[in-house]
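Heads up: the structure comes next, in structure tokens.
Every number in this text was worked out from the coordinates using simple rules, so none of it is lab data. Please read these numbers as outputs of a predicted model, since none were measured by experiment. Here the Cβ is made from the backbone with ideal geometry for all residues, glycine too, and neighbour counts use every protein chain on show.
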Ligand SMILES: [Zn+2]
């Protein structure tokens, strides 16, 4: 099981690590990593691994092996590498991309505050992010929702995390807003993410420290996805 350094500090851009396994497809497993593994609607990180002799391996994305909980660094297509178990590498994520994901992901938490309906899905991308809601009849427009969202962002709430046990979570089912993504269980504890006193929910994603870091966003689209469902897309304003 890979030690996920990004879980405790999402601002870490690099670390040293040791290769502990190479999978048949060339994916690299390290003893620890700063690469976020795809999950919860957030893409896996891209970046570079540099071996002791200076050779570099471009990592296209990062996935989690559900069975072993190993984090798989997937080399860019067509890229062979000569890393082997026991090698030391230095890891560096594509921070520009990751920081966008962190800003969007945190903005989606606030979107779920502005739109207090059950969330049925969501995705963060490079250019936009979206949440799907079980929401038959919205009482807002793109403009009024943008205003609500920006108000929450500008209140500059602090984002913090704490851990609770599976049992404590079971006792508070209201905490789980996202119907399609159940919080990761199995380890006996679940991470809660608090945004000031406006939002509290289990989440394994990566977040900015303060909501002002999100910057200006706009609600770019409110789409009908069937009678009961609305898809809301946001973009950065710049
Ligand atoms: Zn989150």
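Points to keep in mind about this one:
- Residue under evaluation residue 99, criteria (1) under 17 Å from residue 22 (Cβ atoms); (2) surrounded by fewer than 19 Cβ atoms within 10 Å (Cβ to Cβ); (3) touching a helix residue (DSSP H, G or I) at 6+ places or on another chain (Cβ under 9 Å), criterion not met: (1)
- On inspection, residue 37 passes the criterion of being closer than 23 Å to residue 105 by Cα and in a loop (DSSP other than H, G, I, E, B).
- Selection over the range 156-178 of residues that are touching a residue at least 40 places away in the same chain (Cβ under 8 Å) and in contact with a helix residue (DSSP H, G or I) (Cβ under 7 Å, 6 or more places away or on another chain) gives a count of 4.
- Selection from the range 198-235 of residues that are more than 16 Å from the ligand (Cβ to nearest atom), within 14 Å of residue 110 (Cβ to Cβ) and touching a strand residue (DSSP E or B) at 6+ places or on another chain (Cβ under 8 Å): 215, 216, 218, 219, 232
- Among the residues of the range 1-52, the one identified as free of Cβ contacts under 8 Å to residues at least 12 places away in the same chain and under 21 Å from residue 83 (Cα atoms) is 24.
- Matching entry among 129, 114 (being over 18 Å from residue 40 (Cα atoms) and within 16 Å of the ligand (Cβ to nearest atom)): 114
- Qualifying residue in the range 36-46 (condition: more than 18 Å from residue 103 (Cβ to Cβ) and away from the ligand (no atom under 16 Å from the Cβ)): no
- Assessment of the range 64-75 against the conditions (touching a strand residue (DSSP E or B) at 6+ places or on another chain (Cβ under 9 Å), farther than 15 Å from residue 22 by Cα and away from the ligand (no atom under 16 Å from the Cβ)) yields no matching residue.
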